[in-house]
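Asker: Quick one: this structure, given as structure tokens, is what I'll be asking you about.
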Ligand code: TYD
Ligand code: MG
């Protein structure tokens with residue numbers, strides 16, 4: 001067999017090239033390219049198997065071979081994000097910033113799944129057993145029927161797992177795993193990829209579920225990002241602001257359930273507590289109606305969630321006004337500002353614009369466009385929106401308002417939380433929300449005129 005060519009792998013985006021360069025052509029990062037020995041390609045000299053790649057007609061798969069059903073652990077916020085529970089033989093990646101609470105979440109999950117009857121092994125590559133025990137004591141889980149291993153050598157881990165054959169193996173974290181047949185440092189793309197590959201293969205081979213923790217780099221990607229994400233069945237991100245006690249577990253990919261589902265937790269002195277009604281929580285810090293504050297009725301996965309958008313608009317001391325966004329998409333903000341300027345004649349030139357989603361929540365829906373526009377206008381005109389009003393709707397570049405999905409659910413949630421009126425686009429069923437006053441708008445110009453008299 002020909003000697004495998006060396007591969008140069010970008011440690012930031014995972015792109016490979018055949019020669020070294022100072023700058024990665026794929027992601028533009030400098031000094032991220034490192035030579036890595038390629039993974040072994042299997043035994044040499046064998047033609048690709050006639051036996052090994054056997055295929056079976058789908059209809060021949062008897063129900064005897066159907067996997068056992070999923071297991072719910074009783075932590076509803078986690079079960080929902082997993083799509084109703086943990087699927088056997090599945091590989092799950094949990095990503096998040098260091099210190100956000102991944103180990104805490106997974107230790108609690110380990111205990112909960114053990115209580116639900118699964119055999120669970122928790123492999124910590126980051127903390128010594130004494131530290132994990134200490135944490136378990138703090139969480140009140142010292143008696144949980146969870147087996148603990150502190151190990152970083154992938155071969156040893158696979159040997160342990162092959163013997164123990166647990167229903168669930170938790171690996172914290174994939175960046176600390178180290179495969180001795182791969183010639184680069186732990187945490188490098190090759191190592192992370194090898195670890196994720198081996199653990200995923202183990203899950204499929206033995207029918208155990210494997211949950212891997214992955215740290216996220218500064219710019220929000222799991223190291224060796226795309227490579228790992230497409231290997232596993234489910235990718236969950238654990239998000240939140242460090243200073244806030246709220247934590248959001250979000251499914252960005254799920255082969256066994258809806259993506260974009262969220263579970264909301266609160267970090268307390270005794271670990272993570274579930275938050276069954278996130279709308280109430282996100283609005284809990286809201287005071288009297290103030291300018292620049294607008295409540296948006298959003299949908300996260302299968303659930304409606306109300307969040308507050310806050311905007312501040314102020315004359316800019318510099319010639320380059322600031323556009324600062326937390327919890328929403330910056331380019332979407334530029335688009336809304338452009339539509340307000342050119343379709344409604346409301347200039348933002350010379351003004352600093354700050355936009356923030358309260359509570360550390362991140363909103364990705366275009367349905368929030370109208371709420372953002374309302375917050376910006378309210379801040380700019382120094383005029384508060386009518387009290388107890390929710391706003392939602394997508395804005396097109398022409399300034400027209402487009403109806404959004406699940407109008408009915410958005411309105412129901414708002415009514416449940418005591419909101420009496422809503423501003424929304426035309427179209428979209430709104431049955432079952434009796435008593436709410438609905439202001440249906442065709443376009444942004446009409447909205448500006450109606451609500452702000454401009
Ligand atoms: P950890 O789960 O270690 O984070 P990660 O594994 O994502 O790096 O959580 C670390 C933070 O959580 C730490 O700053 C302390 C805080 N914490 C609590 O507030 N309460 C608790 O009961 C625990 C265990 C941790
Ligand atoms: Mg940790």
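What follows is calculated from the coordinates using simple rules that are stated; it is not laboratory data. Note that the coordinates shown come from a computational prediction; the quantities given were computed from them, not determined experimentally. All Cβ positions, even for glycine, are placed from backbone atoms using ideal geometry, and neighbour counts span all protein chains on display.
Asker: How are the Cα pair distances of segment 281-452 distributed, in percent, across 10 Å bins from 0?
Answerer: 11, 42, 37, 9, 1, 0
Asker: Let me ask something else about it. Binned at 20 Å from 0, what are the whole-percent values of the Cα-Cα distance distribution for the chain, short to long?
Answerer: Going from the shortest bin to the longest, the percentages are 22, 46, 29, 4.
Asker: Suppose R0 equals 51 Å; then what is the FRET efficiency for residue 440 and residue 245 from their Cβ-Cβ distance, rounded to the nearest 0.05?
Answerer: 0.85
Asker: Explain nothing, just the number: relative contact order of the chain, from Cα pairs under 8 Å at least 6 residues apart, as a whole percent.
Answerer: Details: 942 pairs, mean separation 53.3, N = 454.
Relative contact order for the chain comes out at 12 percent.
Asker: Would you mind calculating the gained length between residue 302 and residue 268 on full extension (0.36 nm times residue separation, minus the Cα-Cα distance), in nm to one decimal? If you can, show how the numbers build up before the last one.
Answerer: Working: separation 34, 0.36 × 34 = 12.24 nm, distance 2.63 nm.
This chain segment gains 9.6 nm when fully extended.
Asker: Please find the FRET efficiency linking residue 7 to residue 259, where r is the Cβ-Cβ separation and R0 is fixed at 22 Å, and quote it to the nearest 0.05.
Answerer: According to the calculation, E is roughly 0.10.
Asker: Here is a further query. Once the Cα gyration tensor of segment 72-275 is found, what semi-axes does its equivalent ellipsoid get, as square roots of 5 times the eigenvalues, in whole Å, sorted largest first?
Answerer: For segment 72-275, the semi-axes come out at 23, 19, 17 Å.
Asker: How far is helix 189-206 tilted off the main Cα axis of the chain, in degrees rounded to 10, range 0 to 90?
Answerer: On a 0 to 90 degree scale, this one is about 80.
Asker: For a quick check: sort 197, 230 by the number of other beta carbons within 10 angstrom, fewest at the front.
Answerer: Listing 197, 230 from fewest to most nearby Cβ atoms yields 230, 197.
Asker: Here's a follow-up. Once you keep just the Cα pairs under 8 angstrom separated by 6 or more residues, what percentage relative contact order results for segment 226-352?
Answerer: Values: 166 pairs, mean separation 18.0, N = 127.
Relative contact order here is 14 percent.
Asker: Give me the angle, in degrees from 0 to 90, between the Cα long axis of helix 102-115 and the longest principal axis of the Cα atoms of the chain, rounded to the nearest 10.
Answerer: The angle comes out near 70 degrees.
Asker: Here's a follow-up. Nearest 10 degrees, 0 to 90: what angle lies between the long axis of helix 154-164 and the longest principal axis of the chain (Cα atoms)?
Answerer: Approximately 80 degrees, to the nearest ten.
Asker: With r as the distance between the Cβ atoms of residue 382 and residue 127 and R0 = 56 Å, compute the FRET efficiency 1/(1 + (r/R0)^6) and round to 0.05.
Answerer: After rounding, the FRET efficiency stands at 0.60.
Asker: Run the quick spin-label model on residue 162 and residue 323: label points 7 Å from Cα toward the beta carbon, then report their separation in nm to one decimal.
Answerer: With each label placed 7 Å out from Cα toward Cβ, I get 5.6 nm.
Asker: So for 206, 303, fewest C-beta neighbours within 10 Å to most, what's the order?
Answerer: 303, 206
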